[in-house]
1. What does the charge add up to near Y297, with Lys and Arg as +1, Asp and Glu as -1, over the other residues with Cβ less than 13 Å from its Cβ?
2. What is the distance, in nm, between label points placed 7 Å from the Cα along the Cα-to-Cβ direction at K212 and at K278?
3. Taking the Kirkwood radius as the inverse of the mean 1/r across Cα pairs, report the Rg/Rh of the stretch 265-308.
4. Are any of the pairs K54/K247; K83/K156; K83/K343; K57/K85 more than 28 Å apart by Cα-Cα distance, and if so, which?
5. What's the ranking of 120-128, 314-322, 100-108 by average number of surrounding C-beta atoms within 10 Å, highest first?
6. What is the gain in length, in nm to one decimal, between E254 and D205 on full extension, counting 0.36 nm per residue of separation less the C-alpha to C-alpha distance?
7. Taking the Cβ of I59 as the centre, find all other residues whose Cβ is under 11 Å away and add up their charges (Lys, Arg: +1; Asp, Glu: -1).
Amino acid sequence: MTIVKLTKKTYSFLLDSNYVEKSTCTRIDQKRNNVDYNDKCTIILGSTGVIGSKVIKNIVESLVNTDNSHTSKGYTTSLILLKRKDTFLGKALYSYNEYNIIYEERVRKEMSFEPDHSFVLIQSTFKSKDNSNSRIVNIYEIIYEDSSKWDTILSKWKRQNIFTMLPEYNLLTGIVSCLGTSKSNLQNEAFTNKKTLSQKKVDYDLNLAIIKSVTNSSVRIILLTSFNSFPLGSYIPYFRNKIYLEKDVTGLLEFSNVFIIRPGPYVVSNSNYDIVSKYVSSESTDFRSFLSQIIAYNFYKTQLSRFFGYCVRANDVANTIVTALFFESIDEKNSKIIYVNSKNMT
């Protein structure tokens, strides 16, 4: 083997995401020819983050997608969101497309799950203003500040039919995890003298605890791991935690299917000015998100993109997750573990 060939092979191993899982990486058809939303119930972790919020928006907007002839005219889809605070999600989603979607907050109720402990449960309904369109999306927001107790709430939902507002547990068909920490999360926790979070407690421990508490062999799991190259996955704590999560979810637990979504840095903002305005301030700066956004925006669709695990648009990541969650047929010879990287998201 010549030095040139050896150099190329080493380069591909370190920087080309296709090398690591090239036998199992696949492209998911985002045309959604076999997508089925009907009677689906999905738990979404990290629903207030960049990708999580876009996933929800994508599902709600499917209400008025009249171009998808392969989807049944009427369906009911349920989303269960776990959140630390009320972010008025319903009103935010309604504002995306207020002329085509009807939003109704049906119930807002405080419920107990342990002595002296309670959480807020909000049920909202979205439906199309088109009378001939009978599609409905029900969103259930579970709001409880102590995220370490989320798995306890869900375990009680699984064992007992006491949370009558929630769908029946046996209707659960999927879990989407976009949950992860940011430096600003950790700084805010320390600043407010609350129980300090560590990256591992959220990125690994919390994700795994929730998945283990509710899932069974009929549930489809979608993990957003957010790493796409060997150096990033091996040496940066956030990405390393995600690697451990991948291994334990796919190796220790049984599911219908596990989709590992591995994007590189994703493009969210429309300019460098927007990035600076959003992530840099005199009070606090989220350097990790700032750097990721600067890299994604400036290197997207360039040759240098591969050095960072291939940059991709945030909308493409969200579309991939929704398609993986709802599409009916599984390629890759019925593989139960399917990897999707940035190259296969556009």
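1. Working: positive: K278, K301, R313; negative: D274.
Net charge in that neighbourhood comes out at +2.
2. Distance between label points: 3.5 nm.
3. Answer for the stretch 265-308: 1.00.
4. K83/K343
5. The most tightly packed comes first, giving 314-322, 120-128, 100-108.
6. 15.8 nm
7. +3
Since every read-out is calculated from the coordinates, none of them should be taken as a lab result. On a predicted model such as this, the values are computed, not experimentally measured, just so you know. For neighbour counting, all protein chains shown are included, and Cβ atoms are generated from backbone atoms with ideal geometry for every residue, glycine included.
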